[in-house]
Amino acid sequence: MNKLQKIFNKVAKHLLKQNAKSTSDTWTSLYRAENGLKCAAGCLVSDKEYDATQENWGWRMTKWCAKYTEEENDLILILQQVHDDYPVKAWKSELVRVAKENDLKLIPELK
């Protein structure tokens, strides 16, 4: 399985299981919220790597994006948009769209 597929699978499973946005009290998206929720990119950051000073930074500005290729970071940003820009009830259909547009296989939860 290629790395793009692995990223998609991990983020899609995370978002569908969490079924809630990771936001602050002002509805700003957070990599990790105080209540333990994580955004699409936040679920790719291990507890060891996490650094709260990176909150409110765009993904490409964080130190975490350095371990991914340009193409992988592009996919992560698309998945971030699903988390940030769509209501939770639309995530499933948006993830299906992202998979189709990027030639990725659907995980069982999306079929």
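The values are calculated or read from the model by the stated rules, or taken from the named source; none is laboratory data. Only a predicted model underlies this, so the values are computations on that prediction, with no experimental measurement involved. Here Cβ is always computed from backbone atoms with ideal geometry, including for glycine, and neighbour counts include all displayed protein chains.
Look through the range 13-31, keep the residues that are among the charged types (D, E, K, R) and in a loop (DSSP other than H, G, I, E, B), and return whichever of them is nearest to PRO108 (Cα to Cα).
Of everything passing the filter in the range 13-31, LYS21 is nearest to PRO108 (Cα to Cα).
Quick check on the range 8-18. Is at least one of its residues more than 12 Å from the chain's Cα centre (by Cα) and free of Cβ contacts under 8 Å to residues at least 40 places away in the same chain? So far as the range 8-18 goes, yes, one or more of its residues are more than 12 Å from the chain's Cα centre (by Cα) and free of Cβ contacts under 8 Å to residues at least 40 places away in the same chain. Does VAL82 count as of a type in the set (A, V, I, L, M, F, W, C), over 19 Å from LYS3 (Cα atoms) and surrounded by 15 or more Cβ atoms within 10 Å (Cβ to Cβ)? For VAL82, the condition - of a type in the set (A, V, I, L, M, F, W, C), over 19 Å from LYS3 (Cα atoms) and surrounded by 15 or more Cβ atoms within 10 Å (Cβ to Cβ) - is met.
Of the residues making up the range 90-111, those that are more than 12 Å from LEU15 (Cβ to Cβ) and not in a loop (DSSP other than H, G, I, E, B) are SER93, VAL96, ARG97, ALA99, LYS100, GLU101, PRO108. Among the residues of the range 1-31, which ones are surrounded by fewer than 11 Cβ atoms within 10 Å (Cβ to Cβ), modelled with pLDDT of 95 or more and more than 16 Å from GLU94 (Cα to Cα)? Correct list: ASN2 only. Within the set GLU49, GLU72, GLU34, the sole residue that is exposed (fewer than 12 other Cβ atoms within 10 Å of the Cβ) and either outside any helix (DSSP H, G or I) or not small (Gly, Ala, Ser) (or both) turns out to be GLU34.
Looking only at the range 21-31, decide whether some residue is in contact with a His (Cβ under 7 Å, 6 or more places away or on another chain), among the hydroxyl-bearing types (Ser, Thr, Tyr) and touching a residue at least 24 places away in the same chain (Cβ under 8 Å).
First, the residues of the range 21-31 that are in contact with a His (Cβ under 7 Å, 6 or more places away or on another chain): 21, 29.
Of the ones still in play, those that are also among the hydroxyl-bearing types (Ser, Thr, Tyr) are 29.
Filter once more, keeping what is touching a residue at least 24 places away in the same chain (Cβ under 8 Å): 29.
Yes: one or more hits.
Are there any pairs, at least 6 apart or on different chains, whose C-beta atoms fall under 6 Å, with the first in the range 83-95 and within 20 Å of TRP59 (Cβ to Cβ) and the second surrounded by 12 or more Cβ atoms within 10 Å (Cβ to Cβ) and modelled with pLDDT under 95, and if so, which? Short answer, once both residue conditions are applied: ASP84/SER29.
Residue-wise test of (1) under 13 Å from the mean Cα position of the chain (by Cα); (2) among the charged types (D, E, K, R).
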{"site": "ASP47", "(1), (2)": "no, yes"}
{"site": "TYR50", "(1), (2)": "no, no"}
{"site": "GLN54", "(1), (2)": "no, no"}
{"site": "TRP59", "(1), (2)": "yes, no"}
{"site": "THR62", "(1), (2)": "no, no"}
{"site": "LEU77", "(1), (2)": "yes, no"}
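Is it fair to say GLU55 is surrounded by fewer than 19 Cβ atoms within 10 Å (Cβ to Cβ) and touching a strand residue (DSSP E or B) at 6+ places or on another chain (Cβ under 9 Å)? It is true that GLU55 is surrounded by fewer than 19 Cβ atoms within 10 Å (Cβ to Cβ) and touching a strand residue (DSSP E or B) at 6+ places or on another chain (Cβ under 9 Å).
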